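The values are calculated or read from the model by the stated rules, or taken from the named source; none is laboratory data. For clarity, every value in this text was computed on a predicted model and none was experimentally measured. Cβ sites come from the backbone with ideal geometry, for glycine too, and all protein chains shown count toward neighbours. Please note that ligands, DNA and RNA were not included when accessible areas were found on the heavy atoms of the full protein model with its side chains. Shrake-Rupley method; radii C 1.70, N 1.55, O 1.52, S 1.80 Å.
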Amino acid sequence: MSSAPPAQAVATDKPSHLSVIVDLSPSQWHLSSQPPPANTFPLTLNSFLSQLLAFLNSHIASKHENTLAVFGAFPGKSLMLYASTESETINPSAVDANSYPPFKMLDSTIIKRIENELDQLDTDEESTLPVALVGALTKALCYINRISHFSAANVSKAKLPDSLTTSDPHILILSVSPDLSAEYIPIMNSIFSAQKLKVTIDVCKIYGPETVFLQQAAHLTGGSYISLERRDALLQYLTMAFLSPPSIRKALSVPTQDKIDFRAACFCHKKIIDIGFVCSVCLSIFCQPVPVCSTCRTKFPIKILQRLNASRPPPTPGSNGLSRTTSMSGTGGLPHSGSIRTSTSNGTLR
Amino acid sequence: MSKRKDNDFMDVDYDSDISMGDDDDFKVSKGKGKGKTVDKKKKEKGKGKPKDVQAYTWEANFARSWDTVQEDEGGSLQGAVNEFMARGRRRRLLTPGSAIRRTIIRHLVLLLDLSLAMLDRDMRPTRFDLTLQYAREFIVEWFDQNPLGQMGVVGMRAGLGERIGEMTGNPQDVLKAISERHKLEPTGDPSLQNAIEMARNSMSHLPTHSSREILIIFGSLTTCDPGNIHDTLDACVKSKIRISVVALAAEMKICRELCDKTGGQFGVALNEGHFKDLLFEMVPPPAQRNMTSRGGNPAADLMMMGFPTRLPDTSPQSLCVCHSELKSEGFLCPRCLAKICDIPTDCDICGLMVVSSPHLARSYHHLFPVSPYDAVQTLQDASFIPDCHACGRLFPTTPLTTVTEGLSPTGRYRCTTCKHDFCSECDVFVHDVLHCCPGCGK
């Protein structure tokens with residue numbers, strides 16, 4: 001230890017904070033656990049949780065000062081499942097001679113709370129609601145804000161050198177649900193506050209289609225977005241890509257994002273669009289020309305509407321393919337253009 | 001300076017921390033003919049400059065900043081801290097909770113006074129250095145909040161307007177323009193008219209739906225103009241240019257008139273902190289009151305925009321349409337799938353305006369602000385949930401005895417929509433940074 005050069009020691013000795021947001025949508029997890037004809041690599045909630053707990057334990061174990069918070073996004077509700085700053089007394093009867101008490105406490109707390117919540121859901125029949133990802137994300141940010149404030153106050157009082165101020169917080173989102181376009185603005189607001197707090201957001205897409213907003217979240221905060229290919233190897237993905245704190249990532253080769261979709265959701269129908277109409281006064285996005293802005297009540301001149309309607313791409317699904325072929329012939333055949341937007345070409349341009 | 005003033009401030013000179021009175025200061029101030037002798041005896045000023053209306057900073061009354069913070073009987077500072085927080089809450093409550101119309105696409109020309117008056121040392125280290133420093137912070141913050149805005153810089157010195165930075169949307173370019181201090185060394189007298197004309201001409205081609213603003217940082221008390229400045233003022237009013245002035249010396253009639261007639265803001269900086277506050281008041285996009293009050297239709301426009309896909313560094317190389325260079329990274333125009341190097345831009349092939357949607361989204365919190373939380377007054381009103389809904393901090397179980405107006409004695413703040421309770425720290429964080437309630441997601 002003493003042989004390590006001091007500069008490096010400073011960089012690597014920092015404790016790190018990890019906030020994990022777990023998407024616990026029962027319907028999505030049910031789909032994910034379907035046997036092979038539906039999924040090549042099925043992943044059940046139970047096996048997911050056991051791998052997740054192993055990952056959380058390894059985060060706690062990798063440094064004594066490391067802190068952890070776990071947030072659950074349930075249908076229509078979000079909840080803090082575990083926080084390492086909340087001191088909870090361990091039930092002495094539950095102490096097992098073969099287990100390390102902090103791990104035991106972490107595992108049992110998380111499992112117990114998830115079970116409670118899921119049981120309540122079944123009775124309430126509300127499992128069809130969209131998951132409260134925004135709630136969980138904003139709570140994670142509030143919590144990080146709280147611990148960074150707390151540590152700053154601590155330092156000024158006690159001059160503790162190894163306090164939490166040095167921690168570089170990161171958030172890991174384990175997502176199984178598709179994009180919630182209705183939550184576009186809150187998600188973007190959360191991303192910008194994460195940028196302000198210098199929080200890195202990592203996204204691990206376990207099941208379901210790619211989510212545009214989470215791609216943007218990872219890109220804008222300098223995190224990585226990984227969509228799993230082999231879902232049975234979840235723990236390996238988690239450990240190799242997301243265990244290292246952001247400060248060490250520079251020295252490691254963490255998988256980066258493939259391509260990032262900068263699409264937005266329109267305000268009128270909450271559709272995700274790639275060409276939109278934007279009000280010049282308030283920058284509201286609409287998927288079709290509207291005479292009056294619904295946000296700021298600005299009336300647009302009729303001439304502009306006519307011009308825009310004329311220039312709109314025809315709503316036939318063939319138009320997209322047409323524009324792609326013309327662009328290929330026009331610019332000498334772009335090698336990438338054929339592979340892009342295979343999933344989005346139908347239905348977004350209309 | 002009167003004799004009386006000299007006596008009054010005699011002892012303050014010695015114990016204030018800003019009266020270091022190092023030799024450099026005295027040499028410079030003597031050189032400027034401000035007759036200040038080392039033994040602090042006032043001589044009569046030979047050529048009293050007009051801006052001598054202000055006292056030297058080291059003669060000014062000492063700002064006893066610690067007096068504003070009062071300990072309570074227990075020696076705790078909690079009461080003072082609460083007072084500050086209550087002030088912040090009241091300020092927030094004043095801002096309307098509903099959406100107001102703001103100009104989002106802004107064009108601003110920053111007019112810097114580079115006349116000799118800026119070498120005055122009433123602001124530390126000099127007005128000029130402080131202005132440059134604050135201007136840099138202002139530019140960064142301004143582009144952060146107005147990502148679609150454009151800014152140019154014009155200087156006023158030696159009776160001329162001088163173009164320092166072209167109108168650009170890149171904060172780095174603007175910062176670079178004012179980065180070289182020796183190129184901006186103050187000389188001569190300023191000319192408001194020349195500089196405003198120059199700024200006006202550089203904005204004359206802009207589309208009607210964007211705002212045109214001029215922000216003047218003015219240290220001098222004179223302006224040396226070739227013609228009638230009121231003609232320039234009328235021209236600005238006609239082309240809907242909003243002029244705001246931050247004066248460093250004193251209020252001038254013409255500056256006040258420039259702001260009043262064009263709908264801008266005018267302020268005289270009292271000290272360094274106030275200067276910064278005045279400057280940063282220009283950062284958030286201005287509400288478009290003048291247009292709505294007139295009842296006329298603001299020149300609005302519906303623009304077609306495309307949101308591109310970004311290609312990673314690892315993608316196969318291809319030619320970009322803007323420079324015809326072979327590169328792997330870039331953005332794909334959503335309509336014609338041409339590869340563009342940088343956004344925001346107009347696609348070279350199909351002419352579509354290609355922007356990144358996060359750029360647009362940055363301003364949405366102005367449109368949909370979080371409505372202020374209600375302070376929960378008594379424990380009976382408090383819900384049985386013991387901790388903050390957002391960060392999990394435990395609420396105090398006993399209410400505070402000393403209550404400041406606007407603050408909750410129970411430390412709970414309740415969202416009017418979702419009825420969840422939040423702690424005071426989260427209340428501040430949600431409204432100032434997050435702009436999204438953790439309980440209801442709105």
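A few points about this structure:
- When each of A:K196/A:K250; A:K196/B:K238; A:K14/A:K205; A:K77/A:K299; A:K270/B:K176 is checked by Cα-Cα distance, pairs over 31 Å: A:K196/B:K238; A:K77/A:K299; A:K270/B:K176
- Contact residues in the stretch B:323-340 (at least 30 Å² less accessible area with all protein chains than alone, 1.4 Å probe): B:L332, B:P334, B:R335, B:C336, B:L337.
- Once all protein chains are placed together, B:R393 keeps about 70 Å² accessible to a 1.4 angstrom probe.
- Between the stretch B:294-369 and the stretch A:47-89, the C-alpha centres lie 39 angstrom from each other.
- Karplus-derived 3J(HN,Hα) values for the stretch B:314-322, using 6.51 cos²θ - 1.76 cosθ + 1.60 with θ = phi - 60°, are 8, 6, x, 6, 8, 7, 8, 7, 8 Hz; glycine and proline are entered as x.
- Largest first, the residues A:F41, B:F128 sort by 1.4 Å accessible area into A:F41, B:F128.
- Chain B and chain A together bury an accessible surface of about 5700 square angstrom, both sides counted, with a 1.4 Å probe and no ligands or nucleic acids included.
- Nonpolar atom fraction for the stretch A:236-285, defined as the carbon and sulfur part of the 1.4 Å probe accessible area, stands at 59 percent.
- Inter-chain shielding of B:366-375 (mean C-beta neighbours from other protein chains, 10 Å cut-off): 2
- The label point for A:I111 and the one for A:V292, both projected 7 Å from the Cα toward the Cβ, are 5.9 nm apart.
- Ligands, DNA and RNA aside, B:S202 has an accessible area near 30 Å² when probed at 1.4 Å.
- Prolate/oblate/rounded call for the stretch A:197-262, Cα gyration tensor, a/c under 1.5 rounded: oblate
- Which of B:R335, B:R127 is most accessible, then next, and so on - probe 1.4 Å: B:R335, B:R127
- Proximity of backbone amide H atoms, modeled 1.01 Å from N, is registered between A:A132 and A:F74, A:G76, A:K77 at under 5 Å, excluding neighbours fewer than 5 places apart on the same chain.
- Karplus-derived 3J(HN,Hα), 6.51/-1.76/1.60, for each residue of the stretch A:175-182, Hz, glycine and proline x: 10, 10, 8, x, 4, 9, 5, 5
- Anisotropy class of the stretch A:160-283 from Cα gyration tensor, a/c 1.5 cut: oblate
- Total formal charge among the other residues, if their Cβ is under 15 angstrom from that of A:Q306, Lys/Arg +1 and Asp/Glu -1: +3
- Amide hydrogen neighbours beyond the local backbone of B:A375, cut-off 5 Å, H modeled: B:R414
- FRET E, pair A:F103, B:D231, Förster distance 60 Å, beta-carbon r, rounded to 0.05: 0.15
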